[in-house]
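Following: one structure in structure tokens, then a few remarks.
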Amino acid sequence: RGKSDWPTARIVRRIPLIGAYLRDLGFSDSMMACARMLRGLVPISQALKQAGEATSSPEVATYWDETNSDLERGISLGAAMDREPLTRAERLELASLSDLDQVATIMESIAEMRAQSAKTKHSLIVWLAFALTGVYLAIAFGSAIYALTVMNMSMDSMMGGLTEGIL
């Protein structure tokens, strides 16, 4: 009900690999949406506003809101988009922006780079989850075997004490 961010989502975004993965997905989706709107001749201020609303990541939405406010203040589009959550390669690509016709192409290129980065991080998250599951299972089985060994030793000593009195 009107909330754009939740405490659990903030906690998940603080996890280094998962937070970067979600940010890459947010940038990829919103950049591609903005590029499509620009190709469809939507006014740039409206496209930037819609791109900010299209993402669930607050960091990405803040990027779009700040870019739109800089653009409304009269700063050029390349300079307005050249801000922090973007990587150095993406910023250099935006610095080469010479006319408005290139904006959609550059945004699509950035979206593809972010999608590829997200895909790499996704596979790393999956493999890390498999490895951590294996470690967890090894610890669980090891502790179970240890507990059974200790119980067996105590049973042997107890049975030995009982049989000594019989002979």
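Within segment 1-32, which residues are assigned to a helix (DSSP H, G or I) and either of a type in the set (Phe, Trp, Tyr) or buried (at least 19 other Cβ atoms within 10 Å of the Cβ) (or both)? If the condition is that a residue be assigned to a helix (DSSP H, G or I) and either of a type in the set (Phe, Trp, Tyr) or buried (at least 19 other Cβ atoms within 10 Å of the Cβ) (or both), then 21, 22, 23, 24, 25, 26, 27, 28, 29, 30, 31, 32 are the ones that fit. Taking segment 33-61 as the range and being assigned to a loop (DSSP other than H, G, I, E, B) and free of Cβ contacts under 8 Å to residues at least 12 places away in the same chain as the test, the residues that pass are 40, 41, 42, 43. If you go through segment 126-167 and keep only what is of a type in the set (Val, Ile, Thr), open to solvent by 90 Å² or more (accessible area, probe 1.4 Å) and modelled with pLDDT of 90 or more, you end up with 139, 145.
Taken over segment 82-94, the criterion of being surrounded by 12 or more Cβ atoms within 10 Å (Cβ to Cβ) and among the hydrophobic types (A, V, I, L, M, F, W, C) is satisfied by 86, 94. Entry remark, segment 100-125: residues being of a type outside the set (Ser, Thr, Tyr) and open to solvent by 60 Å² or more (accessible area, probe 1.4 Å) number 9 in total.
Of all residues in segment 99-124, those being aliphatic (A, V, I, L, M) and in contact with a Phe, Trp or Tyr (Cβ under 8 Å, 6 or more places away or on another chain) number 3. The set of residues in segment 66-76 that are surrounded by 14 or more Cβ atoms within 10 Å (Cβ to Cβ) and within 19 Å of residue 53 (Cα to Cα) comprises 66, 67, 68, 70, 71. When 70, 5, 82 are screened for being touching a Leu at 6+ places or on another chain (Cβ under 7 Å) and not β-branched (Val, Ile, Thr), only 82 passes.
The values are calculated or read from the model by the stated rules, or taken from the named source; none is laboratory data. The structure displayed is predicted, hence computed values, not measured ones. Counting neighbours? That spans all protein chains shown, and the Cβs are built from the backbone with ideal geometry, glycine included. In case anyone asks, the SASA skips ligands and DNA or RNA and just uses the protein heavy atoms, side chains included. Shrake-Rupley method; radii C 1.70, N 1.55, O 1.52, S 1.80 Å.
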